[in-house]
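See below for the structure under consideration.
The values are calculated or read from the model by the stated rules, or taken from the named source; none is laboratory data. In this text the structure is predicted, and so the values were computed from the model without any measurement. FYI the Cβ positions are ideal-geometry reconstructions off the backbone, even for glycines, and counts take in every protein chain you see. Side chains are part of the model used for accessible areas, which takes the heavy atoms of the whole protein and leaves out ligands, DNA and RNA. Shrake-Rupley method; radii C 1.70, N 1.55, O 1.52, S 1.80 Å.
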Amino acid sequence: MNLVTVVAAVIERGGLILITQRPAGSHLAGLWEFPGGKPDPGEIFEDTLRREITEELGATVTIGERIETVEWEYPDKRVRILFFRCGIDGEPRPLEGQEMAWVAPVDLPSYAFPAADLMLVERLSRG
């Protein structure tokens, strides 16, 4: 089974974290996630995050440190997710029809996330 690498932005502003809901028809549709996506061939992770956030949310991110790397095996694929702490410039808006929410870290566990995200969600919720 091939390993799919994904990068995700943990975007914080005013003590809240931005999450988006996976659209209908996508892998893990309906679950909440930290926005991001798959790198294009030869693309560095930071450029992937900048491109994906612009495409998905119409905003610019400032990329900080990598805060977590998770490898997870789903029945149909293996993923490696690299989570980066990010700031955001401009007012993000959902450009791909997805839901979006600013959530207090303590409230993150009340949203349904993919299994691969749960360790980070738990850690963020504890501060």
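Per-structure values
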quantity	calculated
In Å², nearest 10: area of THR62 left accessible to a 1.4 Å probe	80 Å²
Mean Cα-pair separation over length for the chain, i.e. relative contact order, pairs under 8 Å, 6 or more apart, %	32 percent
Cα-centre dipole for the chain with unit charges at Cβ (Lys and Arg positive, Asp and Glu negative), debye to 20	200 debye
Cα-based shape type of the stretch 1-62, given that a ≥ b ≥ c are square roots of the gyration tensor eigenvalues and the cut on a/c is 1.5	oblate
The stretch 1-67, relative contact order [Cα under 8 Å, separation at least 6], %	27 percent
Dipole of the chain [Lys/Arg +1, Asp/Glu -1 at C-beta], most positive-end residue of PRO109, VAL4, GLN98	PRO109
Neighbourhood charge, 14 Å Cβ-Cβ cut-off, centred on ASP40 and excluding it, Lys, Arg +1 and Asp, Glu -1	-2
Where a label projected 7 Å from the Cα of LEU95 along Cα→Cβ would reach, residues of the stretch 50-76 with amide N under 18 Å	50-63
Formal net charge of residues neighbouring TRP102 (Cβ-Cβ distance under 13 Å; K, R +1; D, E -1)	-2
Environment charge of LEU124, counting only residues whose C-beta is closer than 11 Å and scoring Lys/Arg +1, Asp/Glu -1	-2
